[in-house]
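Input: a single structure, listed below in structure tokens.
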Amino acid sequence: MLPFSVLAHDSGSRARRGTLVTAHGAVQTPAFMAVGTRATVTGLTPDDLAQVRTQVVLANTYHLLLRPGAELFRRVGGIHGFMRWPGPVLTDSGGYQIFSLAGDRTISEKGARFKSYVDQRMHMLSPEASIAMQTAIGSDIMMVLDVCIESTADESATRAAMERTHRWALRSLAARSNPQQALFAIVQGGVVPALRRASADFLTQQPFDGFALGGLAVGDTRTQREEVTHFAAELLPAQRPRYLMGVGTPPDLLVAIGAGIDMFDCVLPTHLGWQGTAFTSTGRVRITRGANAHADVPLDAECGCATCKSFSRSYLHYLFKCSEPLAPRLLCIHNLHHYHTLMAEARAAIEAGCYATYARRRLEAIDRHEHSDVSMTPV
Ligand SMILES: [Zn+2]
């Protein structure tokens with residue numbers, strides 16, 4: 001069983017501070033995992049990731065199955081040596097990508113059949129095939145293949161998807177061959193409390209190393225997401241890590257930590273970085289906006305990342321306007337640093353027993369700044 005210990009509880013919320021120990025190192029929780037879908041956090045080297053204090057990289061089974069394929073990972077001995085990332089890796093099972101393919105796949109009890117976008121060949125991603133691929137990848141934490149549907153689906157469709165997810169979770173557990181690789185189950189049930197409860201009840205009877213909340217941020221509102229997170233997190237065993245999949249913005253993380261979530265991943269800091277948006281202490285900044293052409297100030301005066309220590313907004317704006325590849329790279333470094341710093345502050349606040357107050361202040365500050373772009377301290 002994946003070693004996980006809770007070191008401290010917050011006094012004013014359900015937030016908790018923990019450590020989980022993987023074969024490639026310890027992870028301090030709450031933790032944000034950098035999304036490295038194709039065995040790379042786009043544009044960043046493993047050294048860059050270490051500099052911004054990334055603890056875990058999340059890679060994707062679906063994409064890696066299609067290219068470079070299981071054989072390569074078996075030949076080189078797994079993802080860590082291949083991408084030269086020495087730290088923990090979590091692999092998503094591919095369930096979400098299959099869901100996103102819409103018309104191009106058929107899902108049956110056996111698994112999902114789909115055509116490769118790489119070579120047009122047909123593939124079958126079953127629970128067993130997903131575990132076999134994740135075993136070849138050699139991730140520290142594997143996820144079960146789940147049936148992901150939109151949060152807005154009706155109750156009977158949501159129930160059917162949840163029940164198949166449970167059968168697939170048992171098949172995943174039976175298919176696991178390397179005890180060094182942890183396996184997390186995924187609680188489904190959409191935004192229906194009775195289904196979330198049924199899903200948590202079923203899955204927590206099984207010897208999974210951790211439990212994820214799936215099926216959120218797929219059509220639900222922020223309020224629904226927060227309600228489900230609070231409700232469902234309480235249904236999960238206190239002694240196992242809890243992972244909220246694919247969520248979200250800094251306010252989403254602050255609220256979910258208060259509900260007792262330990263692990264997060266989201267494409268936002270890197271995807272928005274590539275599009276020219278930065279998360280800063282004074283709200284989101286679109287670096288391509290005209291006003292930044294004359295802003296000879298750091299991107300975020302309160303940030304200690306390599307980008308903010310060296311470069312001005314006017315330079316970053318200029319690089320984006322010229323489509324220079326350094327531009328998104330510098331913004332991604334900053335955005336990941338911003339997310340990881342938020343988590344480090346949250347961990348310190350939980351240890352000090354004042355997380356509820358910290359989170360309230362941060363949420364108020366984000367609300368206040370979200371639509372302004374006025375950090376103009378001279379360099
Ligand atoms: Zn910065």
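The values are calculated or read from the model by the stated rules, or taken from the named source; none is laboratory data. It should be emphasised that the depicted structure is a prediction, and the values quoted were computed from it without experimental measurement. Here the Cβ is made from the backbone with ideal geometry for all residues, glycine too, and neighbour counts use every protein chain on show. Areas reflect the complete protein model, heavy atoms only, side chains present, ligands, DNA and RNA absent. Shrake-Rupley method; radii C 1.70, N 1.55, O 1.52, S 1.80 Å.
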Exercise for the section: Enumerate the calculated ³J(HN,Hα) couplings along region 363-370 in order (Karplus 6.51 cos²θ - 1.76 cosθ + 1.60, θ = phi - 60°), each rounded to whole Hz, writing x wherever the residue is Gly or Pro. Expected result: 5, 5, 5, 5, 4, 5, 9, 3
Handout entry: Cut-off 18 Å, label 7 Å out along Cα→Cβ of THR19, residues of region 255-274 by amide N
Key = 262-263
Fill in the blank from the handout: Loop-resident trypsin sites (Lys or Arg not before Pro) in region 205-296 with no more than 15 other Cβ atoms inside 10 Å, DSSP not H/G/I/E/B, are ARG289
Handout entry: Set of lysines with alpha-carbon distance to LYS309 below 30 Å, sequence-local pairs under 8 removed
Key = LYS321
Problem - the chain, dipole about Cα centre (Lys/Arg Cβ +1, Asp/Glu Cβ -1), debye to the nearest 20 - result: 540
Fill in the blank from the handout: The ³J(HN,Hα) series, computed from each phi in region 113-128 with the Karplus coefficients 6.51, -1.76 and 1.60 at θ = phi - 60°, rounded to the nearest Hz and given as x for glycine or proline, is 9, 8, 9, 5, 6, 8, 10, 6, 6, 7, 10, 10, 9, 9, x, 5
Exercise for the section: Give the share of C-alpha pairs in each 10 angstrom bin for region 200-271, from 0 to the last occupied bin, in whole percents, shortest bins first. Expected result: 20, 55, 23, 2
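In region 187-240, which GluC sites (Glu not before Pro) fall in coil by DSSP and have 16 or fewer other Cβ atoms within 10 Å?
Numbers: sites: GLU226, GLU227, GLU234; in loops: GLU234.
Here the GluC sites (Glu not before Pro) that fit, given the DSSP loop and packing criteria, are GLU234.
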Practice task
Return the long-range amide H neighbours of ALA112 (sequence gap of 5 or more, or a different chain), with a cut-off of under 5 Å between placed amide H atoms.
Solution key: LEU125, SER126
Completion exercise
If amide H atoms are modeled at 1.01 Å from N in the peptide plane, then the residues at a separation of 5 or more from LEU183, or on another chain, having amide H under 5 Å from its own are MET142, ASP209, GLY210
Exercise for the section: With all distinct Cα pairs included, what does the Kirkwood hydrodynamic radius of the chain come out to in Å, to one decimal, could you say? Expected result: 21.3
Practice task
Any chance you could look up the accessible area of TRP274 with a 1.4 Å probe, heavy atoms only, rounded to 10 Å²?
Solution key: 110
Fill in the blank from the handout: Comparing ALA356, ALA39, ALA238 in a Gaussian network model of the chain (Cα, 10 Å), the one with the largest mean-square fluctuation is ALA238
Completion exercise
The answer for the chain, accessible area per residue at 1.4 Å probe in Å², is 41
Problem - Residue list for region 207-248, given a label point 7 angstrom along the Cα-to-Cβ vector of THR152 and an amide N cut-off under 17 Å - result: 215-225
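Want the number for GLN180 to THR42: 0.36 nm per residue separation, take away the alpha-carbon distance, what's left?
Values: separation 138, 0.36 × 138 = 49.68 nm, distance 2.77 nm.
Extra length available between GLN180 and THR42 comes to 46.9 nm.
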Fill in the blank from the handout: Under the 7 Å Cα-to-Cβ spin-label approximation, TRP274 and SER323 lie apart by a distance in nanometres of 1.5
Problem - GNM flexibility winner over the chain from GLY94, GLY111, GLY25 (Cα, springs under 10 Å) - result: GLY25
Handout entry: For the chain, cysteines whose Cβ has no other cysteine Cβ within reach (under 4.7 Å)
Key = CYS148, CYS266, CYS305, CYS322, CYS332, CYS354
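So what is the 222 nm mean residue ellipticity for the chain from helices alone, if each DSSP H run of at least 4 adds -39500 (n - 2.57) and you divide by all residues, rounding to the nearest 500 deg cm²/dmol? If you can, show how the numbers build up before the last one.
Numbers: 15 runs with 156 residues, N = 379.
Computed mean residue ellipticity for the chain: -12000 deg cm²/dmol.
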Handout entry: Rounded to whole Hz, the Karplus (6.51, -1.76, 1.60) HN-Hα couplings of region 271-286, x for glycine and proline
Key = 4, 5, x, 5, 8, x, 10, 10, 8, 10, 5, 10, x, 6, 10, 8
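Compute the Kirkwood hydrodynamic radius of region 276-324, taking the inverse of the mean of 1/r over all pairs of distinct Cα atoms, and give it in Å to one decimal.
Working: mean 1/r = 0.0941 Å⁻¹.
So the Kirkwood estimate lands at 10.6 Å.
For GLN205 and SER310, what does the FRET efficiency come to when R0 = 56 Å and r is the distance between their Cβ atoms, rounded to the nearest 0.05? Walk me through the numbers on the way to the answer.
Details: r = 53 Å, r/R0 = 0.94.
Efficiency for this residue pair is about 0.60.
Loop-only check: which trypsin sites (Lys or Arg not before Pro) in region 25-104 are DSSP coil with at most 12 other Cβ within 10 angstrom? Before the final figure, lay out each step's value.
Details: sites: ARG38, ARG53, ARG74, ARG75, ARG84; in loops: ARG38, ARG53, ARG84.
Answer by residue number: ARG84.
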